[in-house]
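These notes are about the structure you will find just below.
The values are calculated or read from the model by the stated rules, or taken from the named source; none is laboratory data. The structure displayed is predicted, hence computed values, not measured ones. Cβ placement follows ideal geometry from the backbone for every residue including glycine, while neighbour counts extend to all protein chains displayed. Surface accessibility is based on the protein's heavy atoms, side chains included, excluding ligands, DNA and RNA. Shrake-Rupley method; radii C 1.70, N 1.55, O 1.52, S 1.80 Å.
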Amino acid sequence: MFSKRLFSLVLVALVCTVAIAAGTAYFAPQEMPQPTEHHKMILKGVGEWEGSMTMYGMGPEPMTIPAKESVTALGQFWTQSRFSCDFGGMAFEGSATSGYDPAKKKFVGTWIDNMSTSITVMEGDYDKKAGTLTMHYKGPHPATGEMVAHRNVSKFTDDTYSMEFFVGQGDAEMKSMTISMKRVKDTDEEEPEEEMEEEDDK
């Protein structure tokens with residue numbers, strides 16, 4: 001009887017020791033990943049932007065409307081953006097996340113907006129020679145609603161960027177939209193105060 005109890009106590013102690021060791025390993029501090037050149041490139045987009053969005057296929061002529069975008073950093077790896085414009089008399093708002101996944105060796109991103117019930121997940125590659133970032137994803141065809149291939153091609157400078165959007169593949173591919181934006185310069189610098197001339201007492 002005593003030997004059985006002793007064996008049980010030893011077994012419980014052994015299980016506790018293993019559990020504590022496993023818990024210690026699980027909660028051990030992980031080495032913080034370091035931002036890559038790809039992440040630093042993404043964070044260059046942080047700031048306020050304004051420009052235009054041009055849509056094709058909405059009528060006999062392309063339709064161009066003013067647009068604004070605000071991009072903020074989420075740590076050292078991600079950016080979040082808020083895009084807005086007036087879409088045919090209706091307020092259009094969208095939000096994007098942008099980042100780089102070192103495991104996939106791909107740029108990654110998401111998009112949601114107030115005119116869709118689905119989330120778009122995309123990934124792509126940067127062509128250093130051409131200076132363009134191409135992202136691929138699936139989305140509804142604007143005419144049929146069928147889920148088809150999409151891509152957008154972006155080109156950046158320090159103070160401008162442009163994005164061209166395409167729907168379909170191969171011979172069926174068509175240009176659907178272009179976005180052109182310029183960085184809004186910071187105008188919050190304090191202006192020198194004008195000196196007030198004192199009137200002489202008469």
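Of the peptides 167-175, 94-102, the order by per-residue mean of other Cβ atoms within 10 Å, starting with the highest, comes out as 94-102, 167-175.
Maximal additional length on extending the Val108-Thr144 stretch stands at 10.3 nm, based on 0.36 nm per residue less the C-alpha distance. Gain on full extension, evaluated as 0.36 nm per residue between Met32 and Ala172 minus their Cα-Cα distance, stands at 45.9 nm. When the surface is traced with a 1.4 Å probe over the full set of protein chains, Ile112 keeps roughly 80 Å² accessible.
A protection proxy built from the mean count of other Cβ atoms within 10 Å ranks the segments 40-53, 140-153, most packed first, as 40-53, 140-153.
Taking a straight Cα-Cα cut-off under 24 Å and skipping sequence neighbours fewer than 8 places away in the same chain, the lysines within cross-link reach of Lys155 are Lys40, Lys44, Lys68, Lys104, Lys105, Lys106, Lys128, Lys129, Lys138, Lys175, Lys182, Lys185. Rolling a 1.4 Å probe across the protein heavy atoms gives the stretch 39-126 an accessible surface of 59 Å² per residue.
Counting 0.36 nm for each residue step from Lys182 to Asp101 and taking away their Cα separation leaves a gain of 26.4 nm. Accessible surface of the stretch 73-158, 1.4 Å probe: 56 percent of it comes from carbon and sulfur atoms.
Between Arg82 and Thr117, the modelled label-to-label distance comes to 2.6 nm, taking each label 7 Å out from Cα in the direction of the beta carbon.
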